[in-house]
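Participant: Sharing a structure below in structure tokens format, with a few things to ask.
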Amino acid sequence: MITPAFELSQDPDFLTVKIRVPYARASEFDIYFEGEDFKFYAKPYFLRQLTLPGRIVEDGREKASYNTDEGTFTIQLPKEVPGQYFEGLDMLTSLLAPKKSRSAKPLVEEMAASAELSDEDEEEFDWEMEQIPYEESTPALQHPYGFGNLRSGVFQRLQDELSDVIDIKDPDQTPAQERRRKRLAAEAAKFEPDHYLADFFEDEAIKHLLKYKPWWIDAHKKMTALQGESQQEHDSPPFVVFSEEEREQMRKFPNKSYLLDKRSRHHIYLGLIDILLAYCYEIRVNEGDKNVESSWNIRKLSATLCWLESFSSIHDVLVSFGRRVLCYPLYRHFELVTCALSDTAKILQLGRAAVLKCLLDIHKIFMESDPAYILNDIFITDYCIWIQKVKSKKLAALCESLQKTTLSKSHMGLELEELEAAAVLVQEEEKALKAAGTVSKQQLLCSESETSDSEESSSTSSSETEGSDSDEQESSSSSEDGEINSLQGVLQEERTAPLIDCNGLRQGANAAALEVSDGKSKVSLPSPTPPGKLVEELEMQIRSAMRLSEQPGGLATAGCVSQEREENPVPEPDRFSEDAAGKGNFLEVSPKPNPLLFLCSTKEDED
């Protein structure tokens with residue numbers, strides 16, 4: 001026989017059962033219902049028994065229909081008490097459990113344990129740390145772990161998969177206190193201040209992740225709106241809906257009951273918070289998308305799964321989760337810790353349906369990861385079965401205690417506040433140095449600008465000075481040129497004057513004779529020559545326009561060079577030459593025709 005897929009829904013007057021039987025004969029089916037029991041048969045499908053959370057009645061209002069396209073039966077059953085709300089209709093595993101096994105009491109048990117279990121629903125659960133006096137005890141051969149500490153010896157048979165699933169070695173021989181000590185040491189060694197400070201200062205990606213809204217945010221808003229409208233409060237709001245795949249998961253779970261004492265139940269509730277915190281972090285940082293790291297994130301951030309930890313208080317759970325978030329994953333920011341805490345509180349407020357939906361997703365993630373499937377057998381499958389039977393008030397009390405628990409960076413034990421303060425000081429110093437460097441650079445640029453301005457001004461003044469000097473030189477050159485021109489004019493006027501030699505002889509016209517003796521010159525005028533005044537004026541002009549200097553060999557040359565000729569030298573003919581007899585040298589004073597010549601005719605005259 002095949003157990004068919006089914007789902008239940010309700011309205012104030014009817015309970016609706018929808019059963020999917022695509023290969024059944026619609027003409028051959030049987031339905032039985034009475035009180036809290038419902039049975040269905042349509043070959044080859046058999047729904048042996050559903051144990052309902054409320055009573056139904058056969059009064060003629062019941063009806064059934066069959067959809068041939070979908071292959072589904074829809075059966076409406078009247079409620080015995082109209083308006084009654086049936087709680088937990090989506091807890092399919094619990095509904096399939098036989099009625100006689102719905103109690104957790106075993107056939108044989110100790111009376112003290114039985115009394116403790118019977119008081120579970122009446123007593124208020126104390127979420128504070130339990131104080132137990134120290135007792136000396138002999139260590140057991142194997143230390144339990146897993147859901148409710150009901151397992152032991154599992155990893156002795158799975159040594160090859162051990163390192164890929166959990167961080168602790170040989171958990172069967174390691175007591176709980178030693179596991180915790182090793183976990184804290186491993187977290188302290190793994191913490192990287194540089195990674196933490198990088199995420200602390202460069203938090204653009206973190207801010208983006210904090211804005212993400214997973215499905216439970218909208219569900220929580222709807223629940224709050226329904227409560228604000230004074231609607232009837234119930235455990236499973238209609239907006240928390242399971243998919244067909246999730247329903248199939250619940251149908252495959254075995255029907256189990258758990259005999260748990262108070263201490264074991266305490267560890268289970270705290271382990272549930274730890275697992276939900278890790279799941280909320282995974283969903284937020286990946287924005288609801290699953291990847292190959294999803295399994296690693298969940299089991300690495302949960303000390304319950306990774307170190308087989310058994311917590312004693314909610315505060316210990318939050319501290320452990322916070323430390324592991326700051327040590328292991330890609331995004332290591334304290335805001336992600338507080339955000340996961342808020343998400344977990346919202347899931348608990350939504351009730352066991354929301355908690356079960358998260359556990360089913362974790363179960364699926366671990367089932368698709370080769371080594372992590374072991375954690376389903378040790379923890380998650382049992383949590384999925386157990387949560388369907390948990391009372392709503394237990395989860396409400398757990399959520400309230402979680403919201404009252406405070407968590408700060410100082411609780412992490414990693415000196416986060418000191419690191420942040422030191423990093424802020426270093427950052428401020430770098431900003432100050434950068435600002436000082438900018439100012440000095442600006443000052444350097446200003447000084448360079450001033451230097452260039454001064455160089456430009458000096459070059460301008462020097463150019464002005466050179467211009468004035470050149471003007472003065474040009475003026476002096478022009479004055480000298482004027483003097484020379486006046487001298488040449490005088491010589492031009494006296495071109496017809498007779499030549500005079502040192503002996504008073506006339507050599508030709510247009511020349512005057514000068515006697516040269518030891519660098520000193522004097523004009524020798526013969527007694528019969530009348531123009532004395534003219535010669536004196538000529539001598540004065542010659543002295544002002546000419547300078548005499550000695551030349552090698554006792555000869556003197558006259559230098560009368562203007563500024564224009566110095567700047568533009570022109571090749572000149574030889575100023576000195578010997579006459580035909582070799583008795584004297586002549587100095588040409590001017591390149592003009594018929595110049596005034598200095599004449600040395602004899603050795604005697606030369607002396």
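Participant: Can you give the relative contact order of the range 5-89 as a percent, counting alpha carbon pairs under 8 Å and 6+ residues apart?
Facilitator: Contact order relative to length: 33 percent.
Participant: Given points 7 Å out from each Cα along the Cα-Cβ axis, report the Phe201 to Thr74 separation in nanometres with one decimal.
Facilitator: So the two model labels end up 6.3 nm from each other.
Participant: Evaluate the relative contact order of the range 271-405 (contact order divided by residue number), counting alpha-carbon pairs under 8 angstrom at least 6 apart; express in whole percent.
Facilitator: 26 percent
Participant: With a sphere of radius 15 Å drawn around the Cβ of Leu341, what net charge do the other residues whose Cβ falls strictly inside it have (Lys, Arg +1; Asp, Glu -1)?
Facilitator: 0
Participant: In the structure shown, do any of Lys290/Lys357; Lys213/Lys389; Lys207/Lys409; Lys39/Lys63; Lys79/Lys357 have a Cα-Cα gap over 26 Å, and if so which?
Facilitator: Lys213/Lys389; Lys79/Lys357
Participant: Estimate the FRET efficiency between Phe46 and Glu418 by the formula 1/(1 + (r/R0)^6), using the beta-carbon distance for r and 51 Å for R0, to the nearest 0.05.
Facilitator: Result of the calculation: an efficiency of 0.15.
Participant: Once amide H atoms are built 1.01 Å from N in the peptide plane, which residues 5 or more positions from Thr72, or in another chain, come under 5 Å H to H?
Facilitator: Here the answer is Val21, Asn67, since their amide H atoms fall under 5 Å of that of Thr72.
Participant: Still on this model: Return the FRET efficiency for the residue pair Lys63, Arg251: r is the Cβ-Cβ distance, R0 is 25 Å, and the value is rounded to the nearest 0.05.
Facilitator: 0.45
Participant: Roughly speaking, what is the stretch gain from Leu259 to Ser243, that is 0.36 nm per residue apart minus the C-alpha to C-alpha distance, in nm to one decimal?
Facilitator: 2.7 nm
Participant: Residues with beta-carbon under 12 Å from that of Gly83, excluding Gly83: net charge, scoring Lys, Arg +1 and Asp, Glu -1?
Facilitator: So the environment of Gly83 carries a net charge of -2.
Participant: Extent of the range 5-89 along each principal axis, from alpha carbon coordinates, in Å, largest to smallest?
Facilitator: In descending order, the Cα extents are 35, 24, 22 Å.
Participant: Take the alpha carbon atoms of the range 243-311, find their center, do the same for the range 398-429, and report the distance between the two centers in whole angstrom.
Facilitator: Their Cα centres are 26 Å away from one another.
Participant: State, to one decimal in nm, how far the label point of Arg55 lies from the label point of Trp215, with both points 7 Å from Cα in the Cβ direction.
Facilitator: According to this spin-label approximation, the distance is 3.6 nm.
Participant: While we're on this one: For a quick check of understanding: with a 1.4 angstrom probe and all protein chains in place, what accessible area in square angstrom does Lys63 have, to the nearest ten?
Facilitator: 130 Å²
Participant: Leu444 to Gln403: extension gain in nm, 0.36 nm per residue of separation minus the Cα-Cα distance?
Facilitator: 8.8 nm
Participant: Can I ask one more? Looking at the range 305-376, which GluC sites (Glu not before Pro) are DSSP coil and have at most 13 other C-beta atoms within 10 Å of their C-beta?
Facilitator: Glu368
Participant: What's the whole-number percent of alpha carbon pairs in the range 214-369 lying beyond 22 angstrom?
Facilitator: Tail fraction, whole percent: 45.
Participant: Across every pair of different alpha-carbon atoms, what Kirkwood hydrodynamic radius in Å does the range 277-380 reach?
Facilitator: About 13.9 Å for the range 277-380.
The values are calculated or read from the model by the stated rules, or taken from the named source; none is laboratory data. What you are looking at is a predicted structure, and each value in this text was computed from that prediction instead of being measured. Here Cβ is always computed from backbone atoms with ideal geometry, including for glycine, and neighbour counts include all displayed protein chains. In case anyone asks, the SASA skips ligands and DNA or RNA and just uses the protein heavy atoms, side chains included. Shrake-Rupley method; radii C 1.70, N 1.55, O 1.52, S 1.80 Å.
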